[in-house]
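J.: Take a look at the following structure, please.
The values are calculated or read from the model by the stated rules, or taken from the named source; none is laboratory data. Worth saying up front: this structure is predicted, and the values here are computed from it rather than measured. Methodologically, a virtual Cβ is constructed for each residue, glycine included, from the backbone with ideal geometry; neighbour enumeration extends over all protein chains shown.
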Amino acid sequence: MAASTNLPDLRTEYPPHPPGRSPAEPSTFLGLLPGIALLFVVGYAGKFVEHFLNTWTKARHITFPNIEYVLWAILFGILIANTVGVPRIFRAGVATYDFWLKVGIILLGARFILGDVLKLGGISLILVFIAVAFSLTFMTWLGRTFNLGPKLTTLLAVGSSVCGVSAIIATQGAIDADEEDSSTAIAAILALGALSLFTFPLIGHALHMSDHAYGIWAGLAVDNTAEATAAGALYSDAAGKFAVLAKTCRNALIGFVVLGYAIHWVRKGLASRAATKQLDNKAAFLWQKFPKFVLGFLVISLLATLGASANPHLAALGFTKPQLIALGNLSRWAFLLTFAGVGLRTNLKDLFKQGARPFIVGALGEIAIAAITLLLVLGADHIYHL
């Protein structure tokens, strides 16, 4: 990407193209515009269909479930990707959906004061650590049981425990895993993440879960940040906010998890010289792997908190109410592009070309993780009333 743009380099910041698909070519800002426009059109089509169906059914007194634009945008994207496909001219811009996800999360901080962030609660934070530890342990055991390669097992374990595709990419370089293992792990995580969009809201409604409890569960159990955000938003706006909070806490652990695996592989003598050299400065390694958008979220939340302060001197340092409303609306527009990108980057044919065992391991692991975290959240909600 040209140095004059502010967008990250697609080659380093965004997930590699799904297996079997041509990579998005690095491009100038103008080269990104067609794909970004496609994200907007697909996302807005989802918004339009949601509004149209709600208006049309209410006018005719027809009982019809409110299907959020999130699901429509993803479905339209999947339909396009798996029928006519995404032409090359759009691919670089479509790949920026992960950038818009991070922008959306940062701006979402405007809808939280730090007191709201603290409402996640000590119990919820404990659940985050339990979920991460269980996911790493169980997925590693499954991979060994099904005789998957050790590095593929590691990638699946990290992807399911921390933050999906981003964790897989970060770990790939740290343990010197090959591209085939990385692509297979990414394909499994993406396929299972797509299924969660359809199953999690149904389970949540069937169990009459509160917005807080459901949001925490989605944030704990859904791997990719985009899918976790979407799964929460499909339930309710409030659930979406709690899903982002829980998922952000998981994301913040990525540096520590990747560092641990990197040290393990170096000690076994199976990491490359470049990966070994990275560990010379562990603090720098952690900072390199740490998701910077988490800090952006906290900074925006801090400014929102200052703006809401009763102290006029502190309030002058923060955002005004109109500014908070504007930032919150911009966050929703960023997520609109994100959800469209989730669908457009889901190639079902490619996902199922990777062989059965990684998907069996991934599916069994995700079912167990979803079930265990659900029981933990329901128990915590019953005892502590999340």
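J.: Across the range 176-207, what is the number of residues that are outside any helix (DSSP H, G or I) and modelled with pLDDT of 95 or more?
T.: 1
J.: Out of everything in the range 216-242 that is more than 18 Å from residue 69 (Cβ to Cβ) and part of a helix (DSSP H, G or I), what residue ends up being modelled with the lowest pLDDT?
T.: If we take residues in the range 216-242 being more than 18 Å from residue 69 (Cβ to Cβ) and part of a helix (DSSP H, G or I), then 225 is modelled with the lowest pLDDT.
J.: Name the residues in the range 45-58 that are in contact (Cβ under 8 Å) with a residue 60 or more places away in the chain and out of contact with any helix residue (DSSP H, G or I) (no Cβ under 7 Å at 6 or more places or on another chain), would you?
T.: Residues satisfying the conditions do not exist here.
J.: Let me ask you something else. Identify all residues within the range 365-386 that are under 15 Å from residue 243 (Cα atoms) and β-branched (Val, Ile, Thr); write none if there are none.
T.: Scanning the range 365-386 gives 373, 377.
J.: If I ask for residues that are more than 25 Å from residue 261 (Cα to Cα) and either crowded, with 24+ Cβ neighbours inside 10 Å or touching a Pro at 6+ places or on another chain (Cβ under 6 Å) (or both), which ones from the range 210-226 would you list?
T.: Across the range 210-226, the qualifying residues are 214, 215, 216, 217, 218.
J.: Among the listed residues 148, 120, which satisfies the condition of being of a type outside the set (Gly, Ala, Ser) and at pLDDT 85 or above?
T.: Among 148, 120, only 148 is of a type outside the set (Gly, Ala, Ser) and at pLDDT 85 or above.
J.: A further question follows. Is it true that some residue in the range 66-83 is at pLDDT 85 or above and either of a type in the set (S, T, N, Q) or part of a loop (DSSP other than H, G, I, E, B) (or both)?
T.: yes
J.: Read through the list (1) closer than 27 Å to residue 70 by Cα; (2) small (Gly, Ala, Ser); (3) modelled with pLDDT under 95; (4) surrounded by fewer than 24 Cβ atoms within 10 Å (Cβ to Cβ), then give the number of the only condition that residue 167 fails.
T.: Failed condition: (4).
J.: Against the conditions (1) of a type in the set (Gly, Ala, Ser); (2) under 27 Å from residue 284 (Cβ atoms); (3) buried (at least 24 other Cβ atoms within 10 Å of the Cβ), where does residue 188 fall short? Just the number, please.
T.: In the conditions (1) of a type in the set (Gly, Ala, Ser); (2) under 27 Å from residue 284 (Cβ atoms); (3) buried (at least 24 other Cβ atoms within 10 Å of the Cβ), residue 188 misses (2) alone.
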